[in-house]
1. Under 7 Å between Cβ atoms, which residue pairs at least 6 apart in sequence (or on different chains) link something in segment 90-105 that is closer than 18 Å to PRO144 by Cα with a partner that is open to solvent by less than 40 Å² (accessible area, probe 1.4 Å) and not polar (S, T, N, Q)?
2. Look at GLU56 and say whether it is at pLDDT below 95 and not in a helix (DSSP H, G or I).
3. Which residues, taken from segment 75-89, are polar (S, T, N, Q) and either modelled with pLDDT under 95 or more than 14 Å from the chain's Cα centre (by Cα) (or both)?
4. Let me confirm something: among SER72, SER63, which residue is in a strand (DSSP E or B), within 15 Å of the chain's Cα centre (by Cα) and buried (at least 16 other Cβ atoms within 10 Å of the Cβ)?
5. Against the definition (open to solvent by 60 Å² or more (accessible area, probe 1.4 Å) and under 25 Å from PHE254 (Cα atoms)), how does ASP104 come out, yes or no?
6. Consider GLY58 carefully, then state whether it is more than 27 Å from VAL206 (Cβ to Cβ), without any contact (Cβ under 8 Å) to a residue 60 or more places away in the chain and not acidic (Asp, Glu).
7. What is the number of the single condition among (1) touching a residue at least 24 places away in the same chain (Cβ under 8 Å); (2) in a helix (DSSP H, G or I); (3) farther than 22 Å from ALA198 by Cα that GLY78 does not meet?
Amino acid sequence: MSLPSRLRLIALSLAMSAMTAGCGSAARSEPEPLLIAAASDLQLVLPRILEAYRTEAGASASSVFGASGTLSAQIEQGAPFDLFLSADRGYVSALSERGAIRADSVRDYAVGELVMVVGESLPEIVQAEDLKTARFRVMAIANPSHAPYGRAAREFLERSGIWDAVSNRVVLAANVREAARFVESGDAEVGFVSGSSARAASGVRVVAIDASKHTPLIQSLGIPTRSTRVEEAERFARFLVGPIAQALLAREGFAPAAAVVASENP
C-alpha cells in the first residue's frame, strides 16, 4: 500500500473513532429509561401511565410484560429490572424474603378483576354450571403455575364445583393476554382473563363472575435489590399509587388496593 493510501486509511479510522466517541458521549448525556417488569394484565394501561409519568415528572421508563411468576424467576436470576409490578402480592413478598426485592419498597398498588370472555355467537352464560354444556368445548386460562389470573380462574372453577367436569377442556395460555386471544380467534369458546384484557378483546362478550369464589388479586410492586436506580424507581412507584395513575387504572377495572386491604383488616 502506498504512503498516501495508508495516510488516507489512518485519517478515515481516526475520523470514525471520533464519531463513535461523540455518539457515545451523546448517548450517555441522556439517562437510560427505567426498566420495569410488568404483569401482563397491565399491558394496555401501563403505556398510558408511563406517558402520564413522562408528562408529570419529565422522566421516561420502558416495560417488559409477562406472567408474574415468569418475571419473578427472571428477577431472582439477576435480570436487570429496576421495578417489578406483579399481579400477585405473593411473588413480591417471596422475593423480598429471599433478598431479591428491597423490603422497604414493597407496597400494594391495585386489585385485579377476573372476568369471563365468551364468543359472541355462543349461548349466554348465566351461572358457572352452564360451562358444563357441550357447546363450550375449550376454555382458556393463563397457566396457574406462574400466572395469578390462571390460578384465580382454577380456584373459581373449583369453588363453583365444576372443575372436575370441565378440566379436560381447559387449555393453558402463557398469560391473560394470550388467553383472551384464544377466544378472539375462535380457538376457545370461553376464557378467564383480566378485566382490562377483556375490554380490549374483539368479538367477545364479557361476563362478570362471583369474585368471592377466588382469592383477591392484590397486585404489589417492589424494587429489585440489584437495581442501581433505586431513587428513580421509588419516584415512579409513588406516582403509580398516586391519583393520576390510580385514575387510569380504575378506568381499566382495577380497584385501589386499599379497598381490599381494609376489608382484610376490619
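The values are calculated or read from the model by the stated rules, or taken from the named source; none is laboratory data. This is a predicted model, so every value here is computed, not measured. Cβ atoms come from the backbone with ideal geometry, glycine included; neighbour counts cover every protein chain shown. Calculation scope for accessible area: heavy atoms of the full protein, side chains included, ligands and nucleic acids excluded. Shrake-Rupley method; radii C 1.70, N 1.55, O 1.52, S 1.80 Å.
1. TYR91/GLY69; VAL92/PHE84; VAL92/ILE101; VAL92/LEU221; VAL92/GLY222
2. Spelling it out, it is not the case that GLU56 is at pLDDT below 95 and not in a helix (DSSP H, G or I).
3. Across segment 75-89, the qualifying residue is only GLN77.
4. Of SER72, SER63, the one residue that is in a strand (DSSP E or B), within 15 Å of the chain's Cα centre (by Cα) and buried (at least 16 other Cβ atoms within 10 Å of the Cβ) is SER63.
5. When the stated conditions are applied, ASP104 passes them.
6. Spelling it out, GLY58 is indeed more than 27 Å from VAL206 (Cβ to Cβ), without any contact (Cβ under 8 Å) to a residue 60 or more places away in the chain and not acidic (Asp, Glu).
7. With (1) touching a residue at least 24 places away in the same chain (Cβ under 8 Å); (2) in a helix (DSSP H, G or I); (3) farther than 22 Å from ALA198 by Cα applied to GLY78, the lone miss is (2).
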